[in-house]
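Shown next, in structure tokens, is the structure this report addresses.
The values are calculated or read from the model by the stated rules, or taken from the named source; none is laboratory data. As the structure is a prediction and not an experimental result, all values here were calculated from the model. Note that each Cβ is placed from the backbone with ideal geometry, even for glycine, and that neighbours are counted across all protein chains shown.
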Amino acid sequence: MNYKFLIYISYSYALPIGTPLEEEITKRGYTVKWFADIADGKKAIQQKSNALQTIQEVLDYKPDVVLTATDSVPDFITGLKVQVFHGFNAQKRPSKKNAFSHFRLRGFFDLYCTQGPSTTNGFKAQQKKHPYFEVVETGWSKVDPLFPIEKRESNNTIMIASTFTESLSLAYNDSVYQEIKRLSQTGTFNFIMVLHPKLPEAIVSKWKSINNPNFTFFDTTDLTPLYKQADIMFADTTSAIQEFLLQKKPVVTFNHTFNHDYLLHVHEASNLEKTFQEALSYPEDLIQSITHFLQDLHPYFDGKSSQRIIDAAITFLHKDKSYLKQKPLNLVRKYKMRKRLNYFTFKSYNKAYTLLKTND
């Protein structure tokens, strides 16, 4: 049968998450549309011929499966609501509250397609307490294009990536800026840089101004080609760290809040040069620590996570879900979603959507 999929996003950085899913859906001959619920995402999908422009168009489309790279999704549209995640659990702050924030339930989803054991175990624990959804470990669609990992000769290329939270971001640190500027002028390293789209324009412009033969700024949300170009990464607490580590390449961090053994840590800009050199030597114990970490984070290196997500969604779509409880009433979040979309209705699908199989 011809399933109707909707890829639901908010921000432009979700495009690389949805694109591998779109390719997999199209390859199977099913129908796929995109929808974004805020301006940044809407602008990002305008070039697509299969973008829905209004929530009314979404309602008229009547999707069978909604693949969601956001924390919330309208409860009043049809379809199985599938959480595919907008990032890895970056572990940015050492607080008890933050330790569980990755597993916070919003009451909107029927199926969580988790990235690896560290995510699966957290949501399985939640599922036991709140049995209105299912959990299937699939891997993450965004990292499919990373694989297979390509062998290449090192040219001392360092990718710089930064989060947008000022207290955690290396992009705001002037001593780091001055040291990177100095190192870029020596020719020892080749820097490629990307900054989070939420960072202020003044910060972005400052870094762009370094521009020289050994420093290139990229204004993009598709980081995979940059990951492949780089030999190592320099970052802070951004979730791009976890994506980059899937290649088993070292990461140097600046003022990271956790002393992880799979990262090389720097707290003074003056120590960057020697730590970059250490990282570029690919220390054996560091690579072993990275490999161990990845088995828990995302033990899939076949580039087929999108296939597993689509398979899991279709299987669960047809499954008898009578064992699941109703979703929580969730009135405040439901109202906020209606306000965001400027669409007010009493309709709400509080049980996981099921599609009966029919003959083709």
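Looking at region 205-218, which of the residues that are touching a residue at least 12 places away in the same chain (Cβ under 8 Å) and closer than 11 Å to Met193 by Cβ is surrounded by the fewest Cβ atoms within 10 Å (Cβ to Cβ)?
For region 205-218, the residue satisfying everything is Phe218.
Right, Ala240: of a type in the set (A, V, I, L, M) and under 18 Å from Trp140 (Cα atoms) or not?
yes
Are any residues in region 126-144 in contact (Cβ under 8 Å) with a residue 40 or more places away in the chain and either over 22 Å from Pro16 (Cβ atoms) or aliphatic (A, V, I, L, M) (or both), and if so, which ones?
Listed by number, the residues that qualify are His130, Pro131, Tyr132, Phe133, Glu134, Val136, Val143.
Does at least one position in region 174-181 carry a residue that is surrounded by 22 or more Cβ atoms within 10 Å (Cβ to Cβ), in contact with a helix residue (DSSP H, G or I) (Cβ under 6 Å, 6 or more places away or on another chain) and not in a helix (DSSP H, G or I)?
No - not one qualifying residue is present in region 174-181.
Suppose we filter Gln288, Gln307, Gln277, Gln295 for residues that are of a type in the set (S, T, N, Q) and touching a helix residue (DSSP H, G or I) at 6+ places or on another chain (Cβ under 7 Å); which single one remains?
Matching residue, one of Gln288, Gln307, Gln277, Gln295: Gln307.
Tell me, which residue of region 114-173 that is acidic (Asp, Glu) and at pLDDT below 95 is surrounded by the fewest Cβ atoms within 10 Å (Cβ to Cβ)?
Selected residue: Glu153.
Do we find that Ser348 is closer than 29 Å to Lys42 by Cα and outside any helix (DSSP H, G or I) in this structure?
Here the answer is yes, as Ser348 does meet what is asked.
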